[in-house]
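Novice: There's a structure below that I have some questions on.
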Amino acid sequence: MELNPFWAALVRRWYLTIAGVAIALALTGLMVVKIGPTYQAEGTMLLFPPTTTTKSQGQMETQGNPYLMLGGLTQARDVLIRAFDAQDAQEQFADQAPTATYKLTPDFTTSGPLIIVDVEAPTPEAAVSGLKTVMEMIPARLESLQTGLDIEQSAYITAKKLTADAIPEIVRSGQMRAGIIAAAVSLALMLFLVGLIDGLLTARAARGSRGARHARQKRAKGGPETNPPAQPEPPGEPHPDSPVAVTPSAPPSAAQQPARIPSVPKGARRSDRSSSSSKVAAPAAAQPETRNEREPMMSASTR
């Protein structure tokens, strides 16, 4: 999809674009509020060797300060952390803190056998309670790992609480991540709907303009040849194909009868004819007289 037509569609349908952005922001805010922040409490556990155990010429002796032998407990620390990844440990924790989660990691900033405990929960109380539960489980789990090794209990490795948060820290990383995802998805969906609606409206307008232009062209060219509408026939002229109904004719009225010419007697007709012929012959008889009158004048002139 080309970007220029897409941006042009967003500008053309600016009211839909503003509405879509507003809806996307509303959905993002709703998602952020619904998820909410989380609370994280952190604690530290330290592993101790037996209180009277020291190392002398390759032999473990129970004397001296145990803090001097902390460097040899990193393997025991790693084993303990792996033991908390087991399903039975997670189920035990879930029974006591169902809304919280924990994570055990070694402290790589120091060379001592330190274990960092992180507990995350939706409420501050649940985070503090979950941290307390995990830190109580660590010594018991460490003791269970050493049981059955055929060693005296005085030679067991122990774990002691070093630090623990009383007030958890607010963590908004999950909330921000969910808000970014919700904003991206909802905004993309709304803009796609704006582009789709613009395409439909543009196509409809184009079809309407083409239809109007086609109609104008038809009117300019006279339109397609069509049969003229049938004219109604006069009532007195029936169609040739239609049956003729014979109706008795009424006698014509006095107004409709032609005027009669009065008859002239035969004697009167003859007298009229003779009078007209005499009128025509009179000029003919008078004409020779004029000629006779002119002849003496012409003879006198010749003389």
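Novice: Residues with amide H under 5 Å of PHE48's amide H, sequence separation 5 or more or different chain, H placed in the peptide plane at 1.01 Å from N; which?
Specialist: Here THR158, ALA159, LYS160 satisfy the definition.
Novice: Would you please put 196-203, 118-125 in order of how densely packed they are, using the mean number of other Cβ atoms within 10 angstrom per residue and starting with the highest?
Specialist: Listed from highest to lowest mean packing, they are 118-125, 196-203.
Novice: If each residue of separation counts as 0.36 nm, what is the full-extension length gain between ASP95 and PHE6 once their alpha-carbon separation is subtracted?
Specialist: Taking 0.36 nm per residue and subtracting the Cα distance, the gain is 26.6 nm.
Novice: Starting from the 7 Å offset along Cα-to-Cβ, what nm value, one decimal, do you get for the label separation of LEU30 and SER144?
Specialist: Going from the LEU30 label point to the SER144 one covers 4.5 nm.
Novice: If you keep only loop residues by DSSP, which trypsin sites (Lys or Arg not before Pro) in the range 143-217 have at most 16 other Cβ atoms within 10 Å of their Cβ?
Specialist: Filter output for the range 143-217: ARG172.
Novice: Could you calculate the contour length gain from ILE170 to LYS103, that is, 0.36 nm times the residue separation minus the distance between their Cα atoms, to one decimal place in nm?
Specialist: 22.4 nm
Coordinate-derived values only; no laboratory data. No experiment lies behind these values; they were computed from the predicted model shown. Every residue, glycine among them, receives a Cβ derived from its backbone with ideal geometry; neighbour counts consider all protein chains shown.
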